[in-house]
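Okay, so here's the structure we're looking at.
The values are calculated or read from the model by the stated rules, or taken from the named source; none is laboratory data. Everything numeric here is computed off the predicted structure, so don't read it as measured data. Glycine also receives a Cβ, built like all others from the backbone with ideal geometry; neighbour counts cover every protein chain displayed. Quick note on the areas: whole protein, heavy atoms, side chains included, nothing else; ligands and nucleic acids left out. Shrake-Rupley method; radii C 1.70, N 1.55, O 1.52, S 1.80 Å.
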Amino acid sequence: MKRLMAVLLVCVLLCGCAPKEQVFEKSFFCMDTVMDAQIWGIDASAAASKFGKLMTALESEWDAASDDSAIFALNEGRPEDLTVQQQDFVARVQELAALTGGAFDPQLYAASCAWGFPTDQFRVPTQKELDEALAKKRWDLGAAVKGYAGQRTEELFSEMDLDRALLDLGGNILTYGEKPDGSDWRIGIRSPFNSGTVGTLSISGTMHIVTSGDYQRYFEQDGQRYYHILDPKTGRPADSGLSSVTVICRDGLVADVLSTALFVLGLEEGSQLWRGWEDTPFEAVFVLHSGEVFATEGARLSDCDFQVICREE
Ligand code: AMP
Ligand code: MG
């Protein structure tokens, strides 16, 4: 993650038809991505400000490249330097990682560095380099921290008694509360192949919708695309036949861990994980390299042709 580049680009009071239905829009760069928020309610301005501060704080805490971050302390073998809340986050990630059978691995930082992803100095490493990098077990919570941030934001809004909000933390969506007109939130799943969408999810109330995809961060060499989601067994980009996975879950951290893990597992093993999952329930939408779309039976997907993944095989 990079340092915060611009805290606040826009913060505009868009309309105030009724005092309780003011909506603030806020957009800023944080955690290496653009974050967008629409927040409704009389406390929208204060909520937007607290949301921005929370994202900045979490960015610094979990920036592996910064020597005063919590994750740096972890990598230096000083877990006791973490606050109780930070230790709880790390412990929960480890618990979830185990439930994915190791498809989610929070210690791939050295392997990511070997490919040059954290620095944009891209190159194709040898398998020997990757094996050595994997053995180093350097912490990287990049696949979980935005989901955790979404979860913490939900808690913040709940404490503030906020009416409703729609947040985009760079591919991680949080729908908070009910839409002003009471209808479902309609969330498009971005196409991995073009600037359009592959379908639309209907979401009712508060939910986290998180996507991992091969188009989000990659480089190309000799006609081959190398992307940022790695198979922990090899340290190489996960070659599971998927272009993206979207997870819909009431828990933001679970959604984020699972979007990455399902991407590594692929359609068959990912469906099995869904069938046997006993933690916070989730639904998922898989987009294959072929363009085919598969959705678990509880995902309310429309505007596309797709095959349903049933609980009973
Ligand atoms: P996401 O976009 O949430 O899928 O997270 C991708 C990021 O997580 C990458 O940029 C790496 O920093 C890290 N990462 C890559 N592969 C894995 C993996 N198998 N398990 C956990 N984190 C990973
Ligand atoms: Mg993730």
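Output the residues belonging to the range 231-246 that are aliphatic (A, V, I, L, M) and either within 10 Å of ligand 1 (Cβ to nearest atom) or closer than 18 Å to Thr33 by Cα (or both).
Hits for the range 231-246 are Ala238, Val245.
Restricting the search to the range 214-233, which residues are of a type in the set (S, T, N, Q) and touching a residue at least 24 places away in the same chain (Cβ under 8 Å)?
Matches in the range 214-233: Gln216, Gln221.
Give the range 202-230 a look and list any residue that's over 16 Å from Ala284 (Cα atoms), among the β-branched types (Val, Ile, Thr) and away from ligand 1 (no atom under 13 Å from the Cβ), or say none.
Passing the criteria: only Thr206.
Considering the range 204-229 alone, what residues qualify as being surrounded by fewer than 20 Cβ atoms within 10 Å (Cβ to Cβ) and either among the basic types (Lys, Arg) or within 18 Å of Ile248 (Cα to Cα) (or both)?
Ser204, Gly205, Thr206, Arg217, Arg225
Go through (1) among the small types (Gly, Ala, Ser); (2) more than 15 Å from ligand 2 (Cβ to nearest atom); (3) assigned to a loop (DSSP other than H, G, I, E, B) for Ser240 and report which single condition fails.
Looking at each condition in turn, Ser240 falls short on (2).
Based on this model, can you work out whether Leu166 counts as surrounded by fewer than 23 Cβ atoms within 10 Å (Cβ to Cβ) and under 21 Å from the mean Cα position of the chain (by Cα)?
Spelling it out, Leu166 is indeed surrounded by fewer than 23 Cβ atoms within 10 Å (Cβ to Cβ) and under 21 Å from the mean Cα position of the chain (by Cα).
Inspect the range 120-130 for any residue being within 18 Å of Ser60 (Cβ to Cβ), modelled with pLDDT under 95 and not in a helix (DSSP H, G or I) and give the result as yes or no.
no
Being within 16 Å of ligand 2 (Cβ to nearest atom), of a type in the set (A, V, I, L, M), surrounded by fewer than 21 Cβ atoms within 10 Å (Cβ to Cβ) and touching a residue at least 40 places away in the same chain (Cβ under 8 Å) is the requirement here; does Leu54 meet it?
Taking the combined requirement at face value, the residue does not satisfy it.
Here is a list: Ser259, Ser302, Ser271. Which entry is of a type in the set (Gly, Ala, Ser), at pLDDT 95 or above and surrounded by 24 or more Cβ atoms within 10 Å (Cβ to Cβ)?
Of the residues listed, the single one that is of a type in the set (Gly, Ala, Ser), at pLDDT 95 or above and surrounded by 24 or more Cβ atoms within 10 Å (Cβ to Cβ) is Ser259.
In this structure, is Gly101 part of a loop (DSSP other than H, G, I, E, B), within 30 Å of Gln272 (Cβ to Cβ) and open to solvent by 20 Å² or more (accessible area, probe 1.4 Å)?
Criteria met by Gly101.
Please state which one of Gln87, Gln94 is without any contact (Cβ under 8 Å) to a residue 60 or more places away in the chain, part of a helix (DSSP H, G or I) and within 15 Å of Gly142 (Cα to Cα).
Gln94
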